[in-house]
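Here is the structure we will look at, set down as structure tokens.
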């Protein structure tokens, strides 16, 4: 069964608990950060435990197009050899719907001597990037995004001049991470400060911490005089060998599958060992079927789809707050979750402003409620609604191949635990 070829997939509820060992793939967030930083370093870096998926493939291809040697000696490693600089690519950089690659390379393109066009697919062309473009202009970079979304055209001048820049990170912490990583290659110190909606507070701040940890491993020096300001010294990067931890967002599906079926799934790494923000979901998942009445998803945004589907079987209703940013992810995830839940049972999921209310119903378990779930080509919608299929008969995921974005082996992983499927090949 080849995931990329599947048009729809129906999950057959397992007869008993799911048991076994599944190793989650490497962290997408860390892999794409490490790929870029290693590419900006002078010398050869080995990244182990890395994720090989659509998102990281787009990043690796773009870096190759910019003169970086990126080798893949095995299924979980990249060997990156850089010159300490990026070259202007021969044509536009196409990055699919990879938000990390698109935002990070938009800032890194300022380090190139020449013109760079950063583009993506129809979904990426709807995802906002204007705050990052505005920040780059404030640093003296000629950058333009006519629609406020990709494509972005950058006229690189071989580096950042340095200085202070303010960025509104209310829509995405990736704008901050992009500026931080490029900032280490500035001609002088770069100071990045939050402003506007993101002043003092930032959605998914933990991802900025991941960026800082990756930068530090490759020799960057960043100080933080206050909660809304970062000072990046113009150190550049030095090559390093770097071990990437498993993906916490991917782990949430397996943690949820375990509690939904009363099983025992060994991920090979304890929940407390993860440094990624979505690992915070583990404590909530462990509380099932007694999830709290309100869950603030602002600091674990990619775990919200997992928690929302799990909440469908909770003892009491759950309201998800702090999730407005989910509307500008790979799809409008608030709407997609509400729609998918409502397809299972009318009223099961509803939008209230930017909140999602899940009208939990434990009696759904064990029933057959045929429902085709539109994944909207969003890997997290597909993977999370597969969890509903562990308890309810008739759950069919449309475009299940979209999981290749971050977890190409997801369906095989569930299959290794005893889950069976009915799939339709093209």
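The values are calculated or read from the model by the stated rules, or taken from the named source; none is laboratory data. Because the structure is a prediction, the values reported are computed rather than measured. Every residue, glycine as well, gets a Cβ built from its backbone with ideal geometry; the counts of neighbours run over all protein chains shown.
When the strands (runs of 3 or more DSSP E) confined to segment 356-426 are screened for residues that are within 29 Å of residue 57 (Cβ to Cβ) and without any contact (Cβ under 8 Å) to a residue 40 or more places away in the chain, those reaching at least 1 such residues are found at 368-374.
For segment 333-344, does any single residue satisfy the condition of being outside any helix (DSSP H, G or I) and either out of contact with any helix residue (DSSP H, G or I) (no Cβ under 8 Å at 6 or more places or on another chain) or not assigned by TED's automatic domain parsing to the domain that holds residue 121 (or both)? No, segment 333-344 contains no residue that is outside any helix (DSSP H, G or I) and either out of contact with any helix residue (DSSP H, G or I) (no Cβ under 8 Å at 6 or more places or on another chain) or not assigned by TED's automatic domain parsing to the domain that holds residue 121 (or both).
Determine if segment 38-46 includes at least one residue that is over 21 Å from residue 111 (Cα atoms) and outside the structural domain of residue 385 (by TED's automatic domain parsing). Spell out the reasoning first.
Going residue by residue through segment 38-46, those that are over 21 Å from residue 111 (Cα atoms) are 46.
After this cut, where a residue has to be outside the structural domain of residue 385 (by TED's automatic domain parsing) as well, the list is 46.
Yes, segment 38-46 contains a residue that is over 21 Å from residue 111 (Cα atoms) and outside the structural domain of residue 385 (by TED's automatic domain parsing).
Going by the structure shown, is residue 63 assigned to a loop (DSSP other than H, G, I, E, B) and either touching a helix residue (DSSP H, G or I) at 6+ places or on another chain (Cβ under 6 Å) or modelled with pLDDT of 95 or more (or both)? Taking the combined requirement at face value, the residue does not satisfy it.
Results for (1) in a loop (DSSP other than H, G, I, E, B); (2) crowded, with 16+ Cβ neighbours inside 10 Å; (3) in the same structural domain as residue 50 (by TED's automatic domain parsing), shown as yes or no for each residue.
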residue	(1), (2), (3)
134	no, yes, yes
143	no, yes, yes
161	yes, no, yes
172	yes, yes, yes
176	no, yes, yes
182	no, yes, yes
202	yes, yes, yes
208	no, yes, yes
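Within segment 15-57, the set of residues being part of a loop (DSSP other than H, G, I, E, B), surrounded by fewer than 19 Cβ atoms within 10 Å (Cβ to Cβ) and touching a helix residue (DSSP H, G or I) at 6+ places or on another chain (Cβ under 7 Å) comprises just one member, 17.
For residue 193, state whether it is within 21 Å of residue 36 (Cα to Cα) and in the same structural domain as residue 133 (by TED's automatic domain parsing). Before the answer, list the steps.
On the way: within 21 Å of residue 36 (Cα to Cα): no; in the same structural domain as residue 133 (by TED's automatic domain parsing): yes.
In short, no.
When the criteria are applied in full, residue 114 fails the requirement of being in the same structural domain as residue 62 (by TED's automatic domain parsing), touching a residue at least 60 places away in the same chain (Cβ under 8 Å) and part of a strand (DSSP E or B).
Residues in segment 210-231 that are surrounded by 16 or more Cβ atoms within 10 Å (Cβ to Cβ) and either over 24 Å from the mean Cα position of the chain (by Cα) or not in a strand (DSSP E or B) (or both): 210, 211, 212, 214, 215, 217, 218, 220, 228, 231.
Which residue is surrounded by the fewest Cβ atoms within 10 Å (Cβ to Cβ), if the candidates are limited to segment 409-426 and must be modelled with pLDDT under 95 and in contact with a helix residue (DSSP H, G or I) (Cβ under 7 Å, 6 or more places away or on another chain)? If we take residues in segment 409-426 being modelled with pLDDT under 95 and in contact with a helix residue (DSSP H, G or I) (Cβ under 7 Å, 6 or more places away or on another chain), then 426 is surrounded by the fewest Cβ atoms within 10 Å (Cβ to Cβ).
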